[in-house]
Amino acid sequence: MNLAVLGATGGTGRLVVEQALAAGHTVTALVRSPEKLAVRNPNLHVVAGQATDPSAVARALDRADALISTLGGGGSVISDSTQAIVEAAYEAGVSRVVLLSSFLVERHRFNPVTRLLTGIAMGSMIKDKSAGEKALRESNLDWTIVYASSLTDRPGRGQVAVLTETGRWTLSQRIARADVAAWLLRAATSPETSRRTVSITGQAVSK
């Protein structure tokens with residue numbers, strides 16, 4: 001499978017690239033600074049450019065089957081990049097998009113006190129991610145939005161817990177980036193999460 005990856009030099013994006021290559025996929029990574037991507041593989045193609053630039057995203061999507069975005073950042077990076085993804089995906093004829101988000105966006109799953117505190121502390125980030133996700137939901141693309149709990153750099157356990165529709169988030173929940181990367185790859189290559197949001201953590205979750 002040909003996969004385009006945005007955020008490939010980040011902690012989770014790098015693992016997506018490594019795991020995808022190990023699984024035999026071809027990867028095109030769109031990065032601002034190619035020298036920061038230490039991975040070397042004949043099946044890895046690097047495109048220099050901004051993820052907020054639709055033309056750069058379209059170059060990364062050339063001959064791609066799906067796009068995975070693990071982008072972070074501040075300001076309006078997520079909303080701007082998601083708009084670019086939607087525009088470029090239409091242009092390139094790519095429909096499958098998997099977007100990594102944060103559990104902090106799902107504030108309705110927190111208790112009232114945590115909901116208030118996260119809204120105060122992380123309000124601008126939540127607003128940016130929510131705007132980007134809204135654009136993706138309103139598109140005709142075959143999207144999956146993945147809400148992950150707090151990320152760690154510990155080795156993956158190969159186990160991911162998925163919140164039920166009534167499941168609640170807590171700030172103590174953690175998940176290894178390696179497990180998130182594996183789940184993103186699974187979502188990109190499987191139709192079972194089409195046009196769905198999925199909430200994942202590495203710990204037991206409330207029912």
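At a glance:
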| quantity | calculated |
| --- | --- |
| Estimated dipole of the stretch 2-201 in Debye, rounded to 20 [Cβ of Lys and Arg +1, of Asp and Glu -1, Cα centre] | 600 |
| Stretch in the chain that is longest and holds no GluC sites (Glu not before Pro) that DSSP places in a loop and that have at most 15 other beta carbons within 10 Å | 1-137 |
| Compactness of the chain, expressed as Rg and Dmax over alpha-carbon positions, Å | 16.1, 50 |
| Among Ala178, His108, Ala148 the positive-end extreme of the charge dipole of the stretch 94-200 (Cβ point charges) | His108 |
| Tensor-based shape of the stretch 116-207 (alpha-carbon gyration tensor, a/c under 1.5 rounded, otherwise prolate or oblate) | oblate |
| For the stretch 32-112: rounded, prolate or oblate by the Cα gyration tensor [a/c cutoff 1.5] | prolate |
| Proxy reagent accessibility, fewest Cβ within 10 Å first, across Thr52, Thr166 | Thr166, Thr52 |
| Ranking of Val77, Val113 by count of other Cβ atoms within 10 Å, fewest first | Val113, Val77 |
| Degrees separating the helix 123-137 axis from the principal Cα axis of the chain, which is the longest one | 60 |
| Packing-based exposure ordering (other Cβ within 10 Å, fewest first) of Ser33, Ser69 | Ser33, Ser69 |
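No lab work stands behind these numbers, since they all come straight from the coordinates. Because the structure is predicted, anything quoted here is derived from the model rather than measured. Cβ atoms come from the backbone with ideal geometry, glycine included; neighbour counts cover every protein chain shown.
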